[in-house]
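Report on the following structure.
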Amino acid sequence: RPSAPFFITPIIIGNLAGLVLAINNQRINSLNQQLQQAHDQLSIRFAESEDRYQRLFHHAATVQLLVDPANGDLVEINDAALDFYGYTGEAKQPTSIFALNLDTPERILANMQRALNLEQLTFHFQHRRRNGDIVPVEVYTIPAPLRGRMLLHSVIIDISHQDRAEQHLRRKTQEQRLLLDSIPVGVWYLRDAETFGSVDQSFAQSFQLSPPDVAHHRL
């Protein structure tokens, strides 16, 4: 008859193994719970972050678009953009950037890819409003991970007033140039003590030269 220790030893070893397995299972369950809690917290924060982003996007005073760079679809248009493009209160809204941007589809897609790759983030385009008006715009674009994909977040700036100011300045400069060249009196000004600035036709002709031959040259 075997002695008692031979029967007790397997029981002790088996109990220890079961205890080790139970501890490991408990640790695994605890880790799984911690991972699930971390995942839930991240999901909540992500949802809150995207919700905050959407609120800021839609209530912003600046014209903003969310564009899918893969096909040019307009994923989101904020209220300022609807007003700017003339679609406020309209049931039908533009669904593609191609409906707004007068550039060719090929160039639009290429520029969106450049923005997606962070190669270029500022662009100048001609955009069309609903009433047919063409507006020069400056577009600032950055990639934005939203809705499980990478979109382009674009801020649109109307620069038509800048163009009008530049055209007005060019027109006034031409008018002044014509007036200056039409008078028979020699007129000039100096850029500094030793350099001509601009001169009129009469002054240049006194040296048998044209105004560009004299302007910005040393006395």
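Miscellaneous remarks
- Computed with every protein chain present, the accessible area of Leu116 is close to 50 Å² [probe 1.4 Å].
- Ligands, DNA and RNA left out, the accessible area of the stretch 60-109 computed with a 1.4 Å probe is 52% carbon and sulfur.
- Remark: spin-label model distance Asn117-Val187 equals 5.3 nm, labels positioned 7 Å along the Cα→Cβ axis.
- Where Asp73, Asp200, Asp79 fall by accessible area, highest first, once all protein chains stay in place (1.4 Å): Asp79, Asp73, Asp200
- Given their separation in residues at 0.36 nm each and the Cα-Cα distance between them, Tyr87 and Ser160 gain 24.3 nm when the chain is fully extended.
The values are calculated or read from the model by the stated rules, or taken from the named source; none is laboratory data. Computed from a prediction, not measured in an experiment: that's the story for all the values here. Don't worry about glycine lacking a Cβ; one is built from the backbone with ideal geometry, like all the others, and counts go over all protein chains shown. Please note that ligands, DNA and RNA were not included when accessible areas were found on the heavy atoms of the full protein model with its side chains. Shrake-Rupley method; radii C 1.70, N 1.55, O 1.52, S 1.80 Å.
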